[in-house]
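In what follows, a structure is listed as C-alpha cells, so that the remarks can point back to it.
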Amino acid sequence: MQPLAAMTWEEARDAAGAASVAILPVGAIEAHGPHLPLETDVIIAQAMARSGAERIGARGSTVVVLPPLTYTAAGFAQRFAGTISLRPETVTATVVDIAGNLTWHGFGVLAIANAHLDPGHLASLEAAANQIRRGPGLAVAFPNLAAKPWALRLSDEFRSGACHAGQFETSILLAERPELVRESVRATLPPNPASLSRAILEGKLSFEEAGGPRAYFGFPAQATAEEGRATVEVLGGILDEAVRAELE
C-alpha cells in the first residue's frame, strides 16, 4: 500500500494496471457531538482504507490510497457550527471526475472507503458509481455500510441506527486518534438511543429533528479502543471483499 500523494508521477505510472486498486477514503467535515472532532468520518474512512489496503495487497494486487475526499453533502448536520456541506450533485461530479482520471492513467478498480452516512451523501455516491460503471475501463467497489449485507457485520448500535458519534464511531476514534477525543466530556454524555435510520424513513431532515440536539446518537460513554480496533478490521474486510468481487 502506498499513498498516492507521496508518490512521484513515475511511481504512480508504474503502479497502474488492470488489477491495480485505487482506494478513495470519503468522509465529511461535520458535527460529531461535543466530544469528537469535525473530521471524525475522515479518520474512520482512512482507517478503513488502510485496513482494506493491507488485505488487498496481501492477495497480490497493487494498491494506492488516494488523498481523502473530505467535503461532501452533510445536510443533517448543516445547522451545527463547523459543518461544511456541498450539494450532492457536486459530490457526484467530483467522484466521477476522479474516476475519469484514474481510468485515463490505467488503474483497474476504484474502491470507495466511505464512513459518512448522510442520505444525500450516500445518494451522491450511488449516482457516481452508476455513472462510472457505464463508462469504459474502471470497476467500482462501493460497499454501502448502511445497506445489507455490510450493515449486518457491524455492531448492534450501528444496526439500530443510533450510531452517529456514539459507541461505534467513538470507539474507532479512541483506537485511531485518542488525543482528539474530549474524554472529560465523553464520560458524562447520557445515552441517546434515538435511531437516525428510523428518523430518515419518517422524513426527518436534521439531527435536531431526529432527536439529537447535540449532534450525537448512541452510547459514546461505552466506547473502548479495543472495540474500535476490532471494528476497523471488520471495515477493512468489507472493503477487501467488495474489491475481490470486482476483480473476480
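The values are calculated or read from the model by the stated rules, or taken from the named source; none is laboratory data. Keep in mind it's a predicted model, so treat the numbers as computed, not measured. A quick note on method: Cβ atoms are made from the backbone with ideal geometry, for glycine too, and the neighbour counts reach across all protein chains shown.
Computed quantities for the displayed model
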{"read-out": "Those residues of the range 1-29 which are in contact (Cβ under 8 Å) with a residue 12 or more places away in the chain, out of contact with any Leu (no Cβ under 7 Å at 6 or more places or on another chain) and aliphatic (A, V, I, L, M), in sequence order", "value": "Met1, Ala5, Met7, Ala15, Ala16, Ala18, Val21, Ala28"}
{"read-out": "Any hit, the range 227-246, residues being hydroxyl-bearing (Ser, Thr, Tyr) and more than 30 Å from Ala19 (Cβ to Cβ)", "value": "no"}
{"read-out": "Helices (runs of 4 or more DSSP H) lying entirely in the range 122-233 (those with 2 or more residues that are of a type in the set (Val, Ile, Thr), closer than 19 Å to Ala31 by Cα and touching a helix residue (DSSP H, G or I) at 6+ places or on another chain (Cβ under 8 Å))", "value": "167-176"}
{"read-out": "Enumerated strands (runs of 3 or more DSSP E) restricted to the range 14-117, each holding at least 3 residues that are within 25 Å of Ile200 (Cβ to Cβ)", "value": "17-26, 107-114"}
{"read-out": "Qualifying residue in the range 27-34 (condition: surrounded by fewer than 16 Cβ atoms within 10 Å (Cβ to Cβ) and modelled with pLDDT of 95 or more)", "value": "yes"}
{"read-out": "The range 35-45, residues that are closer than 19 Å to Leu110 by Cα and crowded, with 24+ Cβ neighbours inside 10 Å", "value": "Ile44, Ala45"}
{"read-out": "Matching entry among Val63, Val95 (being out of contact with any Leu (no Cβ under 8 Å at 6 or more places or on another chain) and buried (at least 21 other Cβ atoms within 10 Å of the Cβ))", "value": "Val63"}
{"read-out": "Residue satisfying condition, being farther than 16 Å from Thr40 by Cα and in contact with a Cys (Cβ under 7 Å, 6 or more places away or on another chain), within set Glu157, Glu202, Glu226", "value": "Glu157"}
{"read-out": "Residue satisfying all of: in the range 175-226; over 19 Å from Asp156 (Cα atoms) and basic (Lys, Arg); surrounded by the most Cβ atoms within 10 Å (Cβ to Cβ) among these", "value": "Arg186"}
